[in-house]
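Below is one structure, written out as structure tokens; the observations come after it.
The values are calculated or read from the model by the stated rules, or taken from the named source; none is laboratory data. For clarity, every value in this text was computed on a predicted model and none was experimentally measured. Methodologically, a virtual Cβ is constructed for each residue, glycine included, from the backbone with ideal geometry; neighbour enumeration extends over all protein chains shown. The area values use the complete protein model at the heavy-atom level, side chains included, leaving out ligands, DNA and RNA. Shrake-Rupley method; radii C 1.70, N 1.55, O 1.52, S 1.80 Å.
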Amino acid sequence: MTYGINTPGKIIAVHLSYPSRMQQRGREAALPSYFLKPSSSLAETGGTIERPAGTELLAFEGEIALVIGKPARWVTPEQGWSHVAQVTAANDFGLYDLRAADKGSNVRNKGGDGFTPIGPAAISTEGLGQGDFRVRTWVNGQLVQDDTSDTLKFPFGQLVADLSQHMTLETGDVILTGTPDGSSVVLPGD
């Protein structure tokens, strides 16, 4: 167990899913697109993140993380949500300095050690719908992101189904579901 959540075999992140973020970025996504994050990017909530020398633009992205409860392969969007056992908070930190160089892979941009704080606890999805969650992010005590999962262009079940067409989602895998508008750069000490 890591931070009260099993260390996932895979961490899969969605590029864009919230309409508010698409509007902020000036890009509309017709279909979900993804990138992988290494398990070494996991960190405990509230820990310290080190910005590498030579970079200046370390950005936060508050997200809802899905924890897969039972394997999913070739499931439908209607079945997808039933494969999610838990939901937790996550932050998908990235170095905007390196975003263009990565061309969407996000290996250097978002794969750094500690760039994925998750938890501290997971909430069971039993009795909850995929649109019943809210993501909120605070920086220095100020609310900077606030949105709900019922606004997603790509609902959670659709993300699970789409990914399951390409790979088996295994118990404990984590899907970071995208960030709403308001993501920005943080400074040392924030």
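Looking only at the range 67-99, filter to residues that are under 17 Å from Asp132 (Cβ atoms) and polar (S, T, N, Q); which one of those is nearest to the chain's Cα centre (by Cα)? Taking the candidates together, the pick is Thr88.
Being touching a Leu at 6+ places or on another chain (Cβ under 9 Å) and either over 19 Å from Gln158 (Cβ atoms) or open to solvent by 60 Å² or more (accessible area, probe 1.4 Å) (or both) is the filter here, so list the residues in the range 131-144 that pass it. Matches in the range 131-144: Arg136, Thr137.
Assessment of the range 151-160 against the conditions (free of Cβ contacts under 8 Å to residues at least 40 places away in the same chain, open to solvent by 10 Å² or more (accessible area, probe 1.4 Å) and outside any strand (DSSP E or B)) yields no matching residue. Filtering the range 134-150 to residues that are β-branched (Val, Ile, Thr) and closer than 16 Å to Leu176 by Cα leaves Val135, Thr137, Thr148. When residues in the range 26-77 are screened for being of a type outside the set (Gly, Ala, Ser), open to solvent by less than 50 Å² (accessible area, probe 1.4 Å), closer than 25 Å to Ala122 by Cβ and assigned to a strand (DSSP E or B), 8 of them pass.
Considering only residues in the range 86-143 that are hydrophobic (A, V, I, L, M, F, W, C) and not in a strand (DSSP E or B), the one that is nearest to Val186 (Cα to Cα) turns out to be Phe93. Could you go through the range 6-18 and let me know if any residue there is out of contact with any helix residue (DSSP H, G or I) (no Cβ under 6 Å at 6 or more places or on another chain), open to solvent by less than 50 Å² (accessible area, probe 1.4 Å), among the charged types (D, E, K, R) and farther than 18 Å from Arg134 by Cα. Yes; the residues of the range 6-18 include at least one that is out of contact with any helix residue (DSSP H, G or I) (no Cβ under 6 Å at 6 or more places or on another chain), open to solvent by less than 50 Å² (accessible area, probe 1.4 Å), among the charged types (D, E, K, R) and farther than 18 Å from Arg134 by Cα.
The single residue among Gly111, Gly119 that is open to solvent by less than 50 Å² (accessible area, probe 1.4 Å), within 14 Å of the chain's Cα centre (by Cα) and within 14 Å of Glu63 (Cβ to Cβ) turns out to be Gly119.
Taking the range 173-185 as the range and being more than 18 Å from Lys153 (Cβ to Cβ) and open to solvent by less than 10 Å² (accessible area, probe 1.4 Å) as the test, the residues that pass are Asp173, Val174. Using the structure shown, decide if Ile12 is more than 13 Å from the chain's Cα centre (by Cα), among the aliphatic types (A, V, I, L, M) and modelled with pLDDT of 90 or more. Spelling it out, it is not the case that Ile12 is more than 13 Å from the chain's Cα centre (by Cα), among the aliphatic types (A, V, I, L, M) and modelled with pLDDT of 90 or more.
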